[in-house]
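Colleague: Dumping the structure here so I can ask a few things about it.
The values are calculated or read from the model by the stated rules, or taken from the named source; none is laboratory data. Source: prediction; values computed, not measured. Accessible surface areas use protein heavy atoms only, side chains included; no ligands, DNA or RNA. Shrake-Rupley method; radii C 1.70, N 1.55, O 1.52, S 1.80 Å.
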Amino acid sequence: MSQNIELVIFDWDGTLFDSVGQIVASLQYAAQQFEQPLTDDAAKSIIGLGLPEVMQILFPQVPHLQQDILQCYADHYVANSKGDAWFSGVAELLADLKQQGLKLAVATGKSRKGLDRVLAQTNSDEIFDITRAASETKSKPDPLMLQEILAEMDVTADRAVMVGDTSYDLEMARNLNMPRIGVSYGVHSIETLLQYQPLAIAHNVQDLHKALQSVLNVAALTES
């Protein structure tokens, strides 16, 4: 990288927010209500995609039920996710990045309604300069979500870094030649994440904090 990093873009579920278990449980609940087979691995593998895409991938055999399954999933998730919270260290990480003058963004597979709910739940709406949900753009790994964030923030791809726990996050960033960092404590395996040439793989939030600081320091040294 030859430019200073101005913008850090985070995925939400499995990267900032400890919600993977509840997502899987709610998908399983919805599948059971409509007598559809679904393994935990299959449910986990699609986290990060937009919800319509999730339904198409998990339940292609019953297209006429997908909307009903989606609503059942959403209702169950909202009713049972009160214990979900940021991973330990996320609040400190975000506060430190803000103090350094960085712009912060969220790029998520959640719907806008779902994202607004968890932003309110974590009192974090004002922390992020911009957020983008899959329901208002194209689902990952299409890069449109990132392109819209970059355009609104007036930042080029080489001055941003994407942080995520899935191949969808890292592929989306790679499609724009954007620097990227993977986290292994969410959904996809280290082996899967490495296929997308991340600058680093963080195994917990403290690792992520160090990895981001290293990227910021290297960029600053390169430009000086």
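Colleague: Where a ≥ b ≥ c are the square roots of the eigenvalues of the C-alpha gyration tensor, would you call region 27-70 rounded, which needs a/c under 1.5, or, failing that, prolate if a/b is larger than b/c, or oblate?
Modeller: Oblate shape, in that a/c is at least 1.5 and b/c is the bigger or equal ratio.
Colleague: Normalising by the residue count of region 19-67, find the relative contact order in percent from Cα pairs under 8 Å and 6+ residues apart.
Modeller: 30
Colleague: Cross-chain or 8 or more residues apart, Cα under 21 Å: how many lysine pairs in the chain fit that? Count them up, please.
Modeller: 12
Colleague: Rounded to the nearest whole Å², what accessible area per residue is found for the chain with the 1.4 Å probe?
Modeller: So the chain comes to 44 Å² accessible per residue, rounded to a whole number.
Colleague: Helix 20-33 versus the longest principal axis of the chain: what angle, 0 to 90°, nearest 10, using Cα atoms?
Modeller: Around 20 degrees separate the two axes.
Colleague: How much of the accessible area of the chain, probe 1.4 Å, is carbon plus sulfur, in whole percent?
Modeller: Working: 4900 of 9890 Å².
Ligands and nucleic acids excluded, carbon and sulfur give 50 percent.
Colleague: Which value at 222 nm does the chain reach when only helices count, each DSSP H run of 4 or more adding -39,500 (n - 2.57), with the total divided by all residues and rounded to the nearest 500 deg cm²/dmol?
Modeller: Per the formula, -14000 deg cm²/dmol.
Colleague: While we're on this one: Give me the Å³ per residue figure for the convex hull around the C-alpha atoms of region 106-224.
Modeller: It is 111 Å³ per residue.
Colleague: Could you tell me the relative contact order of the chain? Use alpha-carbon pairs under 8 Å, at least six residues apart, and round to a whole percent. Could you put the intermediate results ahead of the total?
Modeller: Numbers: 379 pairs, mean separation 61.2, N = 224.
Taking the mean separation of contacting Cα pairs over the length of the chain, I get 27 percent.
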